[in-house]
Amino acid sequence: MTFIIYTLGCKVNSCESAAINDSMLAAGFEIVPDGEVADIAVINSCAVTSMSVKKARQLVSRCKKDNPEGITVLCGCFPQSYPEDASQTDADIIIGNGAKSYIPFLLNEYLEKPEKRVYINSLPREFDMKCAGADIDRTRAFIKVEDGCDRFCAYCIIPVARGRVRSMPIKEITKQAQLAAKSGNKEVVLTGINLSCYGQELGLTLGDAVKAADVDGIERIRLGSLEPDMMTDEEIAKLREVRKLCPHFHLSLQSGSDEVLVRMRRRYDTAQYLEVCEKLRANFPGCSITTDIMVGFTGETEEEFLESMEFAKKVGFAKIHVFPYSIRKGTLAAMRSEQVLPHIKSDRAKRMGALAKQLEEQYLKAQIGTEHTVLIEKPQSDEYSNGYTESYIPVKIYGKQIERHSLVKVRLTDACADHCTAELI
């Protein structure tokens, strides 16, 4: 039987889809290319926003429409967070995050007796190596080194969807990095649900994970999203010891208003955040700092929104992911009455998005004339080669086709809206 996997959400889900793919192939199922109809459709879902859940529902319906006789598997954060809602979809097999590695077995069980099945069990307290394959089918290989979150921010359903913090053993990180190198990858990206909390139950820190990924053949190590309050002086010093670490830090902000941060139950204020940015820039000269900013959180006033805008300007982010607050049933914020009206959230998202674009353009223009190393990605055009610098600047090199996975020295020559052009040195 043939199968296809649809992955929604974060890079952790991508890594888990890679593990599901491997387990399906090992069990004798055959994968089909994207766009083709398969006997089995696996939808690895997200639940971080209402739109994420909507996309999962729509995918289930589409798969059933395209192949009414096929088997549809809905797994991941949507079923784990909202089991009753997921059970009402047309999926044949519904699986939470604790049973993804058993999908081939559950499929065979379903084939013997075709009736709707729901498998949503409690999440493990130990890291599940069976669902942690490195996603190496990319120029930059992603390695899931951490799962779960203990923070319970007021807006977030992820602790319910993912359970408590658990970390990949150090020796396994090294193995995954070596596998990526053997597959031709030059860069690995360490990712997790709350990456900054890596190792807290093992007596380790994120710096230890970075050192474990420093293997022969891997030239660059990049980090996923980080919590600013976890970037202590000791941790920054440990990270600075790894020569291959990319000087790009995605520090989750969420809001530039101290009052909103308190209501969100975040563990820092804007002064602490700014101090961390200054320390990173001092320790990693030329580093880029990117972030996430939420607009329209419960009770956010126009004044608090403007504070967030001003703080974004003060930091000078290289890139901002802007998104409106989405009410998540089961969270503290969802129970509050002072919700921001949808049209106000939409307006603030547009205004913050315009600022994000302005700051990105300013950052890219400031890079003209600087020299970098670019990792060449999969070709996008016959006219240029494209890739990313160590600091995650998107680059196009016109007039020459360069082999994927190559690391080339360049000088940035111009800045466009969302990338820089460059010449080879």
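Roughly how far apart, in whole Å, are the Cα centres of segment 231-272 and segment 275-314?
Computed from Cα coordinates, the inter-centre distance equals 10 Å.
If you take every residue apart from Ser196 with its C-beta less than 11 Å away from the C-beta of Ser196, what net charge results, scoring Lys and Arg +1 and Asp and Glu -1?
-2
So who's got an amide H within less than 5 Å of the one on Val215, skipping anything under 5 residues away but keeping other chains? H placed 1.01 Å off N, in plane.
none
Just how far, in whole angstrom, is segment 1-79 from segment 106-152 if you go by their alpha carbon centroids?
12 Å
I need the trypsin sites (Lys or Arg not before Pro) found in segment 296-353, filtered to DSSP loop residues with at most 15 other beta carbons within 10 Å of theirs.
Lys329, Arg336
Are there any chymotrypsin sites (Phe, Trp or Tyr not before Pro) in segment 263-317 that are in a DSSP loop and have at most 15 other Cβ atoms within 10 Å? List them by number.
none
Using C-alpha positions alone, give me the convex hull volume of segment 130-366 per residue in cubic angstrom.
130 Å³
What spacing in nm lies between the two simple spin-label points modelled at Lys350 and Arg243, each 7 Å away from Cα in the Cβ direction?
Output for this residue pair reads 5.1 nm.
Excluding Asp233 itself, what net charge comes from residues whose Cβ is under 13 Å from its Cβ, given Lys and Arg +1 and Asp and Glu -1?
-2
Taking neighbour counts of Cβ atoms within 10 Å as a proxy for exposure, in what order, fewest first, do Asp233, Asp292 appear?
So the residues, fewest neighbours to most, are Asp233, Asp292.
What is the sum of charges, Lys and Arg at +1 and Asp and Glu at -1, for the other residues whose Cβ falls under 14 Å from the Cβ of Ser385?
Summing Lys and Arg as +1 and Asp and Glu as -1 gives 0.
In bins 10 Å wide, starting from 0, what share of all Cα pairs of segment 136-204 does each bin hold, as a percent?
22, 42, 28, 9, 0
Bin width 20 Å, alpha-carbon pairs only: give the P(r) of the chain as whole percents, running from 0 to the bin holding the largest distance.
Bins of 20 Å from zero give 25, 57, 18, 0 percent of pairs.
Do any trypsin sites (Lys or Arg not before Pro) in segment 180-273 lie in a loop, going by DSSP, with at most 10 other beta-carbon atoms within 10 Å of their beta carbon, and if so which?
Here the sparse-neighbourhood loop sites are Arg243.
Please state the equivalent ellipsoid semi-axes for segment 267-397: what are the square roots of 5 times the Cα gyration tensor eigenvalues, largest first, in whole Å? Don't jump to the answer; show the numbers that get you there.
On the way: eigenvalues 215, 71, 37 Å².
They are 33, 19, 14 Å, listed largest first.
Per residue of the chain, what 222 nm ellipticity follows from adding -39500 (n - 2.57) for every DSSP H run with n ≥ 4, rounded to the nearest 500?
-10500 deg cm²/dmol
Whole-Hz ³J(HN,Hα) for each residue in segment 279-292, computed from phi via Karplus 6.51 cos²θ - 1.76 cosθ + 1.60 with θ = phi - 60°, x for glycine and proline: what do you get?
3J(HN,Hα) across segment 279-292, in whole Hz: 5, 5, 5, 6, 8, 10, x, x, 5, 9, 10, 10, 7, 10.
Could you tell me how many cubic angstrom of Cα convex hull volume segment 2-119 has per residue?
It comes to 92 Å³ per residue, whole-number rounded.
In what order do Leu106, Leu190, Leu341, Leu195 fall by count of nearby beta-carbon atoms within 10 Å, going from fewest to most?
The order, fewest Cβ neighbours first, is Leu341, Leu106, Leu195, Leu190.
Using the crude model of +1 on Lys and Arg Cβ and -1 on Asp and Glu Cβ, and no other charge, please compute the dipole size for the chain relative to its Cα centre, in debye to 20.
Using Cβ point charges on Lys, Arg, Asp and Glu, the chain gives about 40 debye.
Considering the chain as a Gaussian network with a 10 Å cut-off on Cα pairs, which listed residue, Asn283, Asn108, Asn21, attains the greatest mean-square fluctuation?
Asn108
Principal axis lengths of segment 371-424 from Cα atoms, whole Å, largest first?
Computed over segment 371-424, the largest-to-smallest principal extents equal 21, 19, 16 Å.
Can you give the % of DSSP beta bridges in segment 130-366 that are antiparallel, to the nearest 5?
10 percent
Each reported figure results from applying straightforward, stated rules to the coordinates on display, with no laboratory input. For clarity, every value in this text was computed on a predicted model and none was experimentally measured. Positions of Cβ are generated from backbone atoms using ideal geometry, with glycine treated the same way; all protein chains shown enter the neighbour counts.
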